[in-house]
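The values are calculated or read from the model by the stated rules, or taken from the named source; none is laboratory data. Keep in mind the model is a prediction, meaning the values are calculated, not measured. Positions of Cβ are backbone-derived with ideal geometry, glycine not excepted, and every protein chain shown enters the neighbour counts.
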Amino acid sequence: MSEPILYTSPVPEQAPSKKAALLALLMDLQVHTNLECMDAGGARAGARLLELRREGWCIETHFVETRRGRYSYQLHSKNQGEHVLNELGKCKRCGEQVSPF
Ligand SMILES: [Zn+2]
C-alpha cells in the first residue's frame, strides 16, 4: 500500500484575465501603444499578444515612434479568426499565414 501523493500546485498569476483585459483594450479597433498594452495586459503584454494572435485574433503590429513607445498594436476584427487574406492565404493586415494556399 502506498500513500496517496498530494500535489499542491501554485496558482499562476491570472494570465487569462490579463489577456482578457488586453483584448478588451484592443476591442475598440484603435491603435494602442505597447505601454497602453502593458497597462492592460501586464509586463508580459507581448507574450499575451502572441497568445491572442495564435488564437486567431487579427492583430497588426505598427512600428512607429510615438510619445509613449515604439511599437503599437491594432486589432482589426472583433471576430476571432477573421482575417483579410491575399491570394497567397496570408492576412493583409496582421501578416499571419492563415491558409496554406
Ligand atoms: Zn489578420
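In summary, Lys78 fulfils each of the numbered conditions (1) part of a strand (DSSP E or B); (2) within 14 Å of the chain's Cα centre (by Cα) with the single exception of condition (1).
Residue by residue, here is whether (1) touching a residue at least 60 places away in the same chain (Cβ under 8 Å); (2) out of contact with any strand residue (DSSP E or B) (no Cβ under 9 Å at 6 or more places or on another chain); (3) surrounded by 14 or more Cβ atoms within 10 Å (Cβ to Cβ) holds:
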| site | (1), (2), (3) |
| --- | --- |
| Arg53 | no, no, yes |
| Trp57 | no, no, yes |
| Val64 | no, no, no |
| Arg67 | no, no, no |
| Tyr71 | no, no, yes |
| Gln74 | no, no, yes |
| Asn79 | no, yes, no |
| Leu85 | no, no, yes |
| Leu88 | no, no, no |
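Restricting Pro10, Pro16 to residues that are exposed (fewer than 15 other Cβ atoms within 10 Å of the Cβ), in a loop (DSSP other than H, G, I, E, B), modelled with pLDDT under 95 and more than 11 Å from the ligand (Cβ to nearest atom) narrows the list to Pro10.
Of the set (1) touching a residue at least 24 places away in the same chain (Cβ under 8 Å); (2) in contact with a strand residue (DSSP E or B) (Cβ under 6 Å, 6 or more places away or on another chain), all apply to Val98 but (1).
Scanning segment 50-77 for residues that are in contact with a Leu (Cβ under 7 Å, 6 or more places away or on another chain) and more than 13 Å from the ligand (Cβ to nearest atom) gives Arg68, Gly69. Tell me whether segment 92-101 contains one or more residues that are away from the ligand (no atom under 11 Å from the Cβ) and on the phi > 0 side of the Ramachandran plot. No, segment 92-101 has no match at all. Give the residue that is modelled with the lowest pLDDT, with candidates limited to residues of segment 33-63 that are in a strand (DSSP E or B) and over 13 Å from Gly81 (Cα atoms). That would be Phe63.
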